[in-house]
Amino acid sequence: VSSNRVLHAINPVAFVRLALSMGKGYLGMFALLTILWGAPALVMKYLAPIMGFRTLQFSTFMISGYYMLVSYHLMGYVTLQYHRKIGYEIDVENFTGETPPPVQSPPSEHQEQKSPHLQRITFLLKEGKMNEALKTLDRIRIEGAGLHHMDLAHKYFELLKMMKKDQEMCEFGREYIESLVKEKNKEKTLEVWTCCIQKEPGFLPSIQALYAIGMWVSDKESPEKGIAIFQRAIKAYPNDPMVPQFWFRSARILNDRLYRREKAMKLLEGIIKKYPDDKIRPQVENYLSTL
């Protein structure tokens, strides 16, 4: 799990290092796994005298499968608990819990006016009055210092795209992508990114948006394209505090996805050398120790 490589997982040196990184936690996990592995036999020992052969076979299969699932849940829990020590980075957004719903604040005056704007724009589009709809959205955007309603923003971007107003589309695309990234709308973010990059090869949103886009492109399209976006961000914002994070993520992709271990190691060592006091250094060192 921590390296995404089968050969690494069965290497005795690698998992001994993993055990040493976890310390007592690894021994505790191993003790609980030993109990779980022996549990099905103990249960079947008491059920065997009162069951027929076929029922016993089925019960053995079900009970063994249940304890196997429990074992994997336990190992997953330990992986998350010690993820920093073993160099396994996780994204909080991938996990959900039974959290109470957020308290809704009273709508502001601007929020109350959203629905009438949306109804008006929808009506104009149905009537085929594209230019009037575009002018109305322009006015709303200027008066409201931006299009804060996502449906209005979507209609505005699509109108600019459809009417081949490429310069205006890319200009608004920067603003739109920022909102989409905050909403964690991966599909739409990548769609807008692709449209803008095709019309304006030098298209450049904020460095925070580029980080999210690079991650999503790496997962959805290809690791190489993700690294290319990270390189674009580093070149455009060379002095930004996020730059070491971009280098680290690039090294992770090189090792975990592209299996270029040596290149990843050089990149990690370069991060430590160039950014010795950066807060990301412990993560880099932990990950480097697993290679």
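Miscellaneous remarks
- With the gyration tensor restricted to C-alpha atoms of the range 1-47, the semi-axes of the equivalent ellipsoid amount to 28, 14, 7 Å, longest first.
- Given (i) 20.8, 68; (ii) 26.4, 82; (iii) 18.0, 57, the label whose value is Rg and Dmax of the Cα atoms in Å derived from this model: (ii)
- Once the chain from residue 242 to residue 269 is taken as fully extended at 0.36 nm per residue, the excess over their C-alpha distance is 8.0 nm.
- Local electrostatic count, residue 131, Cβ distance below 12 Å [Lys/Arg +1, Asp/Glu -1]: 0
- Across q = 0.12, 0.21, 0.23, 0.26 Å⁻¹, the range 229-278 modelled as identical point scatterers on its alpha-carbon atoms has Debye log10 I(q)/I(0) values of -0.24, -0.71, -0.83, -0.99, in the order of the q list.
- Estimated at 0.36 nm per residue, the fully extended path between residue 125 and residue 163 surpasses their Cα-Cα distance by 12.4 nm.
- Straight-distance candidates among the lysines for linking to residue 164, with alpha-carbon spacing under 22 Å and chain neighbours fewer than 8 residues away dropped: 126, 129, 135, 155, 188, 199.
- Within the range 144-184, all pairs of alpha-carbon atoms sorted by distance into 5 Å bins from zero give the percentages 6, 25, 35, 24, 9, 1.
- Contact order normalised by residue count of the chain, Cα under 8 Å, 6+ apart, percent: 15 percent
- Radius of gyration and maximum dimension Dmax of the range 158-229, Cα, Å: 11.6, 33
- Rounded to the nearest 10 degrees, the angle from helix 207-220 to the longest Cα principal axis of the chain is 60 degrees.
- Report summary: the helix-based calculation at 222 nm, which adds -39500 (n - 2.57) for every DSSP H run with n ≥ 4 and divides by the residues of the chain, gives -23000 deg cm²/dmol.
- For the range 191-262, GluC sites (Glu not before Pro) are listed when DSSP marks them as loop and at most 14 other Cβ atoms sit within 10 Å of their Cβ; the list is 221.
- Solvent-accessible surface of the chain, averaged per residue with a 1.4 angstrom probe and all protein chains in place: 63 square angstrom.
- Relative packing of peptides 251-257, 200-206 - highest average C-beta neighbours within 10 Å first: 251-257, 200-206
- The portion of the accessible surface of the range 145-291 made up by carbon and sulfur, rounded to a whole percent, is 50 (1.4 Å probe; DNA, RNA and ligands excluded).
- In this simple spin-label approximation, residue 32 and residue 142 carry label points 7 Å from Cα along the Cα→Cβ vector, and these lie 6.2 nm apart.
The values are calculated or read from the model by the stated rules, or taken from the named source; none is laboratory data. The structure displayed is predicted, hence computed values, not measured ones. With ideal geometry, Cβ positions are generated from the backbone for all residues, glycine too; neighbour counts draw on all protein chains shown. Surface accessibility is based on the protein's heavy atoms, side chains included, excluding ligands, DNA and RNA. Shrake-Rupley method; radii C 1.70, N 1.55, O 1.52, S 1.80 Å.
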